[in-house]
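Accompanying notes for the structure given below.
Where a number appears in this text, it was derived from the coordinates with a stated rule and is not lab data. Worth saying up front: this structure is predicted, and the values here are computed from it rather than measured. When we count neighbours, we look across all protein chains shown, and the Cβ atoms used for this are built from the backbone with ideal geometry, even at glycine.
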Amino acid sequence: MAAAGAVFSALTFLGIKEPERGRYLSEEEKRKEEEKKAKAAAEAASSNKNPISAFIENLSLVVSLPTARNVLIASSLRNFGGMIVSSFLPVFFGRNFPAFKAEYAALNALALSVCGMTASLGGGIIADKFEKKSRMTKAILCVQGCLLSPFLIGLGTLQTGNFYLGVLCYALKVLVSGTYSGPAITMIQNTSPQSQQGNVVSLYFFCITMAQTLSPAIFTAFANKMGALSNPALYGPLITGFVAISYWGSIPFWWAAGKSYKKHMDEAEGTGEAVAA
């Protein structure tokens, strides 16, 4: 499986090239874009902000943008629970199904590669296809994944008698919840000032990385306190509980992000300033 992944990565690197930027712009539009870049570079060079003040400024910008703010909170909550699944579901299977280690390694890799890729590509296609019919499409994709995931994780981990049921539920969880990343970033980009999109997206990745960093430590403290090391069946309820709190807790913020995104895009479209989704 690792060799196949390495071959696929090499073929992707060799066969997929980044498209030429601005190939469909007129000469006048290209000139204006170059002037904007030069101006932005000059402003960045003249401003001697230290990293802390720059971070605070970017955070203030995100807080002032309702769509970006809600996406940031929702994504952080979702990734808090997602990292717990990634870190401790292997522990659950390894401790409760020790005779299936080889099967778990193969099926886990298959679920991540096939279901993960299908979810990412499918989510992007659905979001683009139905964007014009409903501006809420991107938010709904995020909501449905966070709504269904705790049920699937619970069905797979609140029992220790059927290994294949647990793996199947995990694969379905990856399939339904892996659609969120593209729509989330697109909602941020489409509602943020063009000059600040890089900063806003960078802050987005910083925050979800912090959530992913903190969650294993917090979960470990709870697991140790509950005695999961001596009773590995407890990993199931603990994982399900954390996933339910984080995933379901993100739903109101996904929905609020969708509503503000719809409002922004409808207003921008009315003035002829809508960003292509």
On a full-extension model of 0.36 nm per residue, what is the gain between Glu28 and Asp266, subtracting their alpha-carbon distance, rounded to one decimal in nm? 82.9 nm
Between Arg95 and Trp248, what is the FRET efficiency for a Förster distance of 25 Å, r being their Cβ-Cβ separation, to the nearest 0.05? 0.45
Could you tell me the largest-minus-smallest coordinate of the C-alpha atoms of region 66-269 on each of the three principal axes, in descending order and whole angstroms? 57, 32, 24
Label-to-label distance, nm, for residues given as Ser230 and Leu148 (7 Å Cα→Cβ offset): 4.0
Compute the distance from the alpha-carbon center of region 226-265 to that of region 124-171, in whole Å. 12
Can you pull out the trypsin sites (Lys or Arg not before Pro) in region 105-157 that DSSP calls coil and that have at most 14 other Cβ atoms within 10 Å? Lys132, Lys133
Between Thr213 and Leu168, what FRET efficiency follows from the Cβ-Cβ distance if R0 is 41 Å, with the result rounded to 0.05? 0.85
Ranking request for peptides 175-182, 119-126: highest mean number of other beta-carbon atoms within 10 Å first, then the rest in descending order. 175-182, 119-126
